[in-house]
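First comes the structure, then the notes that go with it.
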Amino acid sequence: MVEPFLREYLGVDLVVPPEYAPLEDVTFSTWTQERYVVPSEDKGPPLQRDHRPKPLIFHDGRLVALPTPSDAMAVFLWAPMGLLLAVVRLLVGRILPYNMGLMAAALTGMNIRARFRGTCHHTCEARGTMYVCAHRTLMDPVIVSATLRRRVTAVTYSLSWVSEALSPILTVRLTRDRLLDGERMKHTLARGQDLVVCPEGTTCREPYLLRFSPLFAEVAGDVVPVAIDARGSMFYGTMVRGHKGLDSIFFLMNPWPSYTVEFLDRLVDVGGRVERGEVPSCEVANRVQGEIGHALGFAGMNLTRRDKYRVLAGNDGCAS
């Protein structure tokens, strides 16, 4: 298109050097490293998980089901009722004590199931216990506190003011400064407060566990691994490129949200053993990841929070 325009209106002939001449036999597919052939049928069935060339690990969006006309209509019709139900569930968690709150949550359709192993129970020591959890939604520490029926403190890197205002438990903000964050966690445990930590640093929707940060193993006394899984039929309770303050609200808008929590065997004096050089902190983190993954049936990975945000948002996730 450029060459006829120059010749007709400007009287100039465009000469293209040979090295910049277009290649007739080059197509887009010849430049790609991976190619998948998509069937040409208009109404082909969705590709099943076990038929995918590679596993799907990171994805974004609020809707759980495919936005077919029937599913989209169901979501739009349910949204006003779901929002009202989310407000009721939030008030239940904020106002009622734990015993009554669990029963009231069950009456609203929320299913919470907890399992305790023999050596996971709270001790009478003055130092607090660190609960190391798999990370599924922002509500993980709240569910742990409700199932333990006592107040715990949640450790978080980035939490919106909306989520912090709605949280019925205390939160401790970390700075991503390893030394400063370790001192804050040690100080909280030394005061006898129980901590809930999610070493993955971000959520993963698929049955995988991201790499655990070993910081918890360097500052904790006793560690209790907690296997957590959350399910919703309409809305995901996590989001990368949206308003993260609405994550908990969207999860509570599901008709029948469910949480399964399993408290695994307690690991005694983890921080002391790491400090004395008996075991590396990364080995403790890998062991805890393996125990939680085995309890959930999830696979462990070396991918981290940065990998997730680079894939989905094009940044390191530090500002979200």
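The values are calculated or read from the model by the stated rules, or taken from the named source; none is laboratory data. In this text the structure is predicted, and so the values were computed from the model without any measurement. Every residue, glycine among them, receives a Cβ derived from its backbone with ideal geometry; neighbour counts consider all protein chains shown.
Just checking, which of VAL279, VAL270, VAL288 is out of contact with any Gly (no Cβ under 8 Å at 6 or more places or on another chain) and crowded, with 20+ Cβ neighbours inside 10 Å?
Within the list VAL279, VAL270, VAL288, the selection yields VAL288.
Could you tell me whether SER167 is surrounded by fewer than 19 Cβ atoms within 10 Å (Cβ to Cβ) and over 19 Å from SER281 (Cβ atoms)? Spell out how you get there, then give the answer.
Working: surrounded by fewer than 19 Cβ atoms within 10 Å (Cβ to Cβ): no; over 19 Å from SER281 (Cβ atoms): yes.
The answer is no for SER167.
Going by the structure shown, is ARG94 of a type in the set (Lys, Arg), out of contact with any Gly (no Cβ under 7 Å at 6 or more places or on another chain) and modelled with pLDDT under 80?
Against the criterion (of a type in the set (Lys, Arg), out of contact with any Gly (no Cβ under 7 Å at 6 or more places or on another chain) and modelled with pLDDT under 80), ARG94 does not qualify.
Among (1) of a type in the set (Ser, Thr, Tyr); (2) at pLDDT 90 or above; (3) under 21 Å from the mean Cα position of the chain (by Cα), which single condition is SER167 missing?
(2)
Could you list all residues from segment 75-103 that are without any contact (Cβ under 8 Å) to a residue 40 or more places away in the chain and under 19 Å from MET234 (Cβ atoms)?
PHE76, LEU77, PRO80, MET81, LEU84, VAL87, VAL88
Could we say that VAL288 is of a type in the set (Val, Ile, Thr) and at pLDDT below 90 here? Give the steps one after another, and end with the answer.
Values: of a type in the set (Val, Ile, Thr): yes; at pLDDT below 90: no.
No.
Please indicate, with yes or no, whether at least one residue in segment 192-203 is surrounded by fewer than 21 Cβ atoms within 10 Å (Cβ to Cβ), more than 19 Å from the chain's Cα centre (by Cα) and within 27 Å of ARG62 (Cβ to Cβ).
no
With respect to LEU179, determine if the residue is surrounded by fewer than 20 Cβ atoms within 10 Å (Cβ to Cβ), within 19 Å of VAL270 (Cα to Cα) and without any contact (Cβ under 8 Å) to a residue 24 or more places away in the chain.
Details: surrounded by fewer than 20 Cβ atoms within 10 Å (Cβ to Cβ): yes; within 19 Å of VAL270 (Cα to Cα): yes; without any contact (Cβ under 8 Å) to a residue 24 or more places away in the chain: yes.
Yes: the conditions hold for LEU179.
Could you please find all residues in segment 295-316 being part of a helix (DSSP H, G or I) and closer than 11 Å to ARG241 by Cβ?
TYR309, LEU312
Every residue in segment 256-279 that is touching a residue at least 60 places away in the same chain (Cβ under 8 Å) and either over 26 Å from THR304 (Cβ atoms) or assigned to a loop (DSSP other than H, G, I, E, B) (or both), please.
TRP256, PRO257, SER258, LEU264, ASP265, ARG266
Does segment 236-248 contain any residue that is surrounded by fewer than 16 Cβ atoms within 10 Å (Cβ to Cβ), at negative phi and polar (S, T, N, Q)?
No, segment 236-248 contains no residue that is surrounded by fewer than 16 Cβ atoms within 10 Å (Cβ to Cβ), at negative phi and polar (S, T, N, Q).
Given the criteria assigned to a helix (DSSP H, G or I) and either loosely packed, with under 11 Cβ neighbours inside 10 Å or in contact (Cβ under 8 Å) with a residue 60 or more places away in the chain (or both), does GLY61 qualify?
It is false that GLY61 is assigned to a helix (DSSP H, G or I) and either loosely packed, with under 11 Cβ neighbours inside 10 Å or in contact (Cβ under 8 Å) with a residue 60 or more places away in the chain (or both).
Against the condition at pLDDT below 90 and under 18 Å from the mean Cα position of the chain (by Cα), how does GLY237 come out, does it pass?
No.
Can you report the number of residues in segment 220-255 which are in contact with a strand residue (DSSP E or B) (Cβ under 8 Å, 6 or more places away or on another chain) and outside any loop (DSSP other than H, G, I, E, B)?
Count: 12.
Looking only at segment 182-191, filter to residues that are touching a residue at least 60 places away in the same chain (Cβ under 8 Å) and buried (at least 19 other Cβ atoms within 10 Å of the Cβ); which one of those is nearest to GLY297 (Cα to Cα)?
Checked segment 182-191; the qualifying residue nearest to GLY297 (Cα to Cα) is LEU189.
VAL132 fails exactly one of the following numbered conditions: (1) buried (at least 20 other Cβ atoms within 10 Å of the Cβ); (2) at pLDDT 95 or above; (3) over 24 Å from the mean Cα position of the chain (by Cα). What is the number of that condition?
Against the list (1) buried (at least 20 other Cβ atoms within 10 Å of the Cβ); (2) at pLDDT 95 or above; (3) over 24 Å from the mean Cα position of the chain (by Cα), VAL132 comes up short only on (3).
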